[in-house]
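**Q** A single structure is presented below for examination.
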Amino acid sequence: MPEYHTSPGTRDILAPDSTRWRALVDVFARVVERAGFGQIIPPMFEDLGVFLRLGEATDIVTKEMYDFEDKGGRRVALRPEMTAGVVRAFVQHRPLLPWKAWYAGPNFRYEKAQQGRYRQFDQVGVEVLGVDDPNLDAEVIALAWEFYGQLGLRQVRLVMNSLGEPEDRARYVDALRDYFTRNEDALTPESRQTLLRNPLRVLDSKREHDAAVVAGAPVIADFYSESAAAHFATVLAGLDRLGIPYEVRPSLVRGLDYYRKTTFEFVGAALEASQNAVGGGGRYDGLAEDLGGPATPGIGFALGVDRTLLECDAEGVFDAPSRNVSVFVVDVTGGQEALSITHDLRGAAISCDRAYEGRSMKSQMKAADRSGAGYALIIGGDELANGTVTLRPLAGQAGDDRTQISIPRTDLIPTLKRVLPS
Ligand code: HAM
């Protein structure tokens, strides 16, 4: 029989990594729910049209979409990100404004798989619809900053830019097209291709050969309208006020077309430059309209769970929380006692495990040690006859006291509740 493995760009997340994963989402939920966000769980696939709004010239739409015709003849796609689906949900349900939603879940992009770049990857993120106030931009960024801080990360840097109003951005794109076309000979063939599709993305080239031309390109700040400049200045003043450090980088253009005004990225120290963004976001004030809804401003961010955990590894923070059971039941009388004791303990919210298949005392004690439990609960012939159990401290137990005690079966749960750390 063939043995199957995960497809390229996908991974199994096993315990204890999966425990750490869940803990990360819990930290995120705590941070954003404290700020009034409610969770949305949108579907993992939608009509392809929802995602085409991400930009006809972006790699995400043209090259990386997992789209297909379903059995009913509908053209659908696995979501490559969550903002479009959340805005589609806003248009569909028209919740009261401002609408503050958070999410966590997998996304799918057919990318070249490598460390930190996967075809299925998870994000946690937020979106706020209905508020144009630049103070909200600073508040939203501060939430991501707080989250990284809660994980213990200290080396994540914030990079800021504004893409101006749509008209500013359009004038800027024209100027960039002119500039890069004039300097086409000095660009790599890849960037010449990008230029045809989207001049903004040439700024994103990490290729050394393009560096000189990119460095001399026009900068967006010279194209801001008065209102866009004022909006951005207020966002930066808000970050200053909150003591959040940032670098303004005019070449930060992001890979999606819906952005207007504020854009930002969080950059980690662990991964290579081509995938060192641990998170990113910005304003997308036209997206609700593009998806058939009323003109509604929006802003949000998404943070890559996979990359954030790689960053945690690199910085040596946010270890997997211990999920060892408290007690390991060793039953050398056949296994029925272990069946009923583990059932009772779990019912009393005491975590426990056991060995199976009538193993020897020695083999069960080995399993008890391996489990990381603080105590073994031993039931042998004597205990069975006396109606007692023997409680033996194991190496996994916090204190030094290694004396074993005999407990009447009827006192088992109250005694355990007393001795186990709460
Ligand atoms: P994005 O920059 O495409 O933005 O993705 C956000 C984060 O998801 C990235 O910074 C990265 O950490 C992670 N990520 C993206 N692609 C991959 C991949 N192939 N493998 C591993 N991690 C990945 C968005 O998705 C926007 N929806 C963010 C947003 C929300 N803007 C406004 N609201």
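The values are calculated or read from the model by the stated rules, or taken from the named source; none is laboratory data. What you see is a predicted model, and the numbers here were worked out from it, not measured in a lab. Don't worry about glycine lacking a Cβ; one is built from the backbone with ideal geometry, like all the others, and counts go over all protein chains shown. For the accessible areas, the whole protein counts, side chains as well, though only heavy atoms, and no ligand, DNA or RNA atoms are used. Shrake-Rupley method; radii C 1.70, N 1.55, O 1.52, S 1.80 Å.
**Q** Just the residues that are open to solvent by 10 Å² or more (accessible area, probe 1.4 Å), outside any loop (DSSP other than H, G, I, E, B) and in contact with a helix residue (DSSP H, G or I) (Cβ under 8 Å, 6 or more places away or on another chain), please, taken from region 162-194.
**A** ARG169, ARG171, VAL173, ALA175, ARG177, THR181, GLU184, ALA186, ARG192, THR194
**Q** What helices (runs of 4 or more DSSP H), lying completely within region 26-144, carry at least 1 residues that are within 12 Å of the ligand (Cβ to nearest atom) and open to solvent by 50 Å² or more (accessible area, probe 1.4 Å)?
**A** Once the helices (runs of 4 or more DSSP H) in region 26-144 are filtered for at least 1 residues that are within 12 Å of the ligand (Cβ to nearest atom) and open to solvent by 50 Å² or more (accessible area, probe 1.4 Å), what remains is 59-62.
**Q** Additional query: Would you check which residues across region 253-273 are within 11 Å of the ligand (Cβ to nearest atom) and within 19 Å of the chain's Cα centre (by Cα) and list them?
**A** ARG254, GLY255, LEU256, THR263, PHE264, GLU265, PHE266, VAL267, GLY268, LEU271
**Q** Here is a follow-up. If a residue must be modelled with pLDDT of 95 or more and either small (Gly, Ala, Ser) or open to solvent by 30 Å² or more (accessible area, probe 1.4 Å) (or both), how many such residues does region 269-288 contain?
**A** Residues meeting the conditions: 5.
**Q** Residues being exposed (fewer than 13 other Cβ atoms within 10 Å of the Cβ) and assigned to a helix (DSSP H, G or I): count how many of those fall in region 197-211.
**A** 2
**Q** Here's something else I'd like to know. Test of understanding: among GLY304, GLY293, which residue is under 31 Å from the mean Cα position of the chain (by Cα), touching a residue at least 24 places away in the same chain (Cβ under 8 Å) and away from the ligand (no atom under 12 Å from the Cβ)?
**A** The unique qualifying residue is GLY293.
**Q** All but one of (1) at pLDDT 95 or above; (2) farther than 24 Å from ASP59 by Cα; (3) open to solvent by less than 60 Å² (accessible area, probe 1.4 Å) hold for VAL159; which doesn't?
**A** So VAL159 meets the others, but not (2).
**Q** Sticking with this structure for a sec: I'd like to verify a number: residues in region 161-205 that are of a type in the set (Lys, Arg) and at positive phi, how many?
**A** 0
**Q** For region 306-324: of the residues being among the aliphatic types (A, V, I, L, M) and either farther than 25 Å from GLY372 by Cβ or modelled with pLDDT of 95 or more (or both), which is surrounded by the most Cβ atoms within 10 Å (Cβ to Cβ)?
**A** It comes out as LEU309.
**Q** Every residue in region 367-422 that is of a type in the set (D, E, K, R) and either under 22 Å from LEU339 (Cβ atoms) or in contact (Cβ under 8 Å) with a residue 40 or more places away in the chain (or both), please.
**A** ASP369, ARG370, ASP382, GLU383, ARG392, ARG409, ASP411, LYS417
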